[in-house]
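Q: Can you read through this structure? Questions will come right after.
The values are calculated or read from the model by the stated rules, or taken from the named source; none is laboratory data. Just so you know, these numbers come straight off a predicted model, no measurement behind them. Counting neighbours? That spans all protein chains shown, and the Cβs are built from the backbone with ideal geometry, glycine included. Keep in mind that these areas ignore ligands, DNA and RNA; they rest on the heavy atoms of the full protein, side chains included. Shrake-Rupley method; radii C 1.70, N 1.55, O 1.52, S 1.80 Å.
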Amino acid sequence: MNISPEVGAFAKQMIALRRDFHTHPELGFQETRTAGIVAERLRGLGYTVRTGLGKTGVVGFLRGGKPGKTVLLRADMDALPIQEQTDVPWRSEAAGVMHACGHDAHTAMGLCAAAVLAQEAASLAGNLLFVFQPAEELLIGAEAMLRDGALDALQPDAAFAVHVMNRWPVGTIAIRDGAVMTSADKLFLTVAGKGGHGANPHMAIDPVVATAQVISALQTLVSRETPPLKTAVLSLTTLQAGTAFNIIPDRVEITGTLRCYDADLRESLLKSLRRTAEGVAAALRCTAEVRNAFLTPAAVNDATMAQIGRDAATGIVGADRIIAPEPFTGSDDLAYFWQRAPGCYAFVGSAKAEWSPAPTSHNAKFDIDESALTVGAEFLVRAARAALSSR
Ligand SMILES: [Zn+2]
Ligand SMILES: [Zn+2]
């Protein structure tokens, strides 16, 4: 691995920062301690800092010595509602809250890149724009920042971010062109009938039986209505009905999620969802109501930025350690930033060689090989330099 002395000099500090964030994790929109440390560090490095964007988001802006492009570097700061089950000395001290997705690492990498690039700002042609976003796990932090004017009149010319990934060993970097993460909608379905005695179903209108049929029928949206070479995921994940074994309830409440890469496919599946739920429910004398909350569009890597990213990554880990991953069916609301600037979202391998299998993200035993920190920070630094010097 080829880590520059500038990033190497921050390695210890980065590990200490990551462990500190890990010990003190904060849920989405509650990242006040983390944001405070981020803002203080950025100010100390000479950045113009704005805080309280999207409640707890932080932006740091630094003008280079010469005019030029603006590069956006984004990190996320929030943790998850999970009770940590590792025995590392820096395990979470917050009951039921854990950095189980590596955002502690991303924040530390972002701060290291901010420091290294600030050192050379006088000779840089262009501007640095660091974005530390809240509430990525809720998929609503990025948009909240933008609504609060995080980018103001700024039009970034390039954007980069990294996410640690335990599916690959440390010393690898995964980058793909085009769609990387899906759009995400939160779905709310209500099937309503008429409650009554469990022993007299003919005098009631049973929404439970109707719901069973609705759920079965909705399985055809992906299998029969989605073109076989396109991707969609429809998962119905919560179901609430009834209060007692002998009562037919009035209504059933269902929630779930829809994930797509293609915006047109998303629109058509939302229509099909309504048509199918309402139609099947009506056939069984019930009514169905479908609502959706659009959380984030799909995150799409720009081909030019992905190439800049791959070149940077090749310089760090070598061409044979670059992975071209399949698209993920998860979502990341950095998509909102990627809509404002051509971007490259890169994934930094973070599994220790001796882990088999490595703990997965969003698991209570999640951990990373901390040497991924230098890889990620080095990537951000090299990609930013390259984007600023590209024509
Ligand atoms: Zn996550
Ligand atoms: Zn994450």
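Q: Quick one: is residue 36 more than 24 Å from residue 383 (Cβ to Cβ) and outside any strand (DSSP E or B)?
A: Yes; evaluated as a whole, the condition is true for this residue.
Q: Here's a follow-up. Go through the range 84-113 residue by residue and tally those that are surrounded by 24 or more Cβ atoms within 10 Å (Cβ to Cβ), over 13 Å from residue 365 (Cα atoms) and of a type in the set (A, V, I, L, M).
A: So the answer is 5.
Q: Here is a further query. Determine whether the range 23-34 contains at least one residue that is buried (at least 23 other Cβ atoms within 10 Å of the Cβ) and among the acidic types (Asp, Glu).
A: yes
Q: Next question, about the same structure. Being open to solvent by 30 Å² or more (accessible area, probe 1.4 Å) and under 18 Å from the mean Cα position of the chain (by Cα) is the filter here, so list the residues in the range 169-178 that pass it.
A: Passing the criteria: 176, 177.
Q: Something else about it: Tell me which residues, restricted to the range 61-83, are open to solvent by 20 Å² or more (accessible area, probe 1.4 Å) and within 13 Å of ligand 1 (Cβ to nearest atom). Lay out the reasoning, then the answer.
A: First, pick out the residues of the range 61-83 that are open to solvent by 20 Å² or more (accessible area, probe 1.4 Å): 61-63, 65-69, 81-83.
Scanning the range 61-83 gives 81, 82.
Q: In addition: Inside the range 184-213, can you point out the residues that are open to solvent by less than 10 Å² (accessible area, probe 1.4 Å) and either part of a loop (DSSP other than H, G, I, E, B) or more than 20 Å from residue 293 (Cβ to Cβ) (or both)?
A: Within the range 184-213, 204, 207, 210, 211 meet the criteria.
Q: Further question on the same structure: Please list, ordered by residue number, the strands (runs of 3 or more DSSP E) wholly in the range 278-356 having 3 or more residues that are closer than 28 Å to residue 383 by Cα and open to solvent by less than 60 Å² (accessible area, probe 1.4 Å).
A: Output list reads 343-351.
Q: Within the range 357-391, restricting attention to residues that are surrounded by fewer than 22 Cβ atoms within 10 Å (Cβ to Cβ) and part of a helix (DSSP H, G or I), which residue is farthest from ligand 2 (Cβ to nearest atom)?
A: Across the range 357-391, the extreme among qualifying residues is 389.
Q: Would you confirm whether or not the range 42-52 contains a residue that is within 15 Å of residue 128 (Cα to Cα), part of a loop (DSSP other than H, G, I, E, B), hydroxyl-bearing (Ser, Thr, Tyr) and at pLDDT 95 or above?
A: yes
Q: Can I ask one more? Being out of contact with any helix residue (DSSP H, G or I) (no Cβ under 9 Å at 6 or more places or on another chain), among the hydrophobic types (A, V, I, L, M, F, W, C) and either more than 21 Å from residue 105 (Cβ to Cβ) or away from ligand 1 (no atom under 16 Å from the Cβ) (or both) narrows it down to one residue among 364, 303, 298, 387; which is it?
A: 303
Q: Report whether or not residue 349 is among the small types (Gly, Ala, Ser) and away from ligand 1 (no atom under 16 Å from the Cβ).
A: Spelling it out, residue 349 is indeed among the small types (Gly, Ala, Ser) and away from ligand 1 (no atom under 16 Å from the Cβ).
Q: Just to be sure I understand the filter: pairs with C-beta atoms under 7 Å, separated by 6 or more residues or on different chains, first member in the range 231-254 and in contact (Cβ under 8 Å) with a residue 12 or more places away in the chain and part of a strand (DSSP E or B), second member of a type in the set (Ser, Thr, Tyr) and open to solvent by 50 Å² or more (accessible area, probe 1.4 Å). Which pairs pass?
A: The qualifying pairs are 233/329; 254/238.
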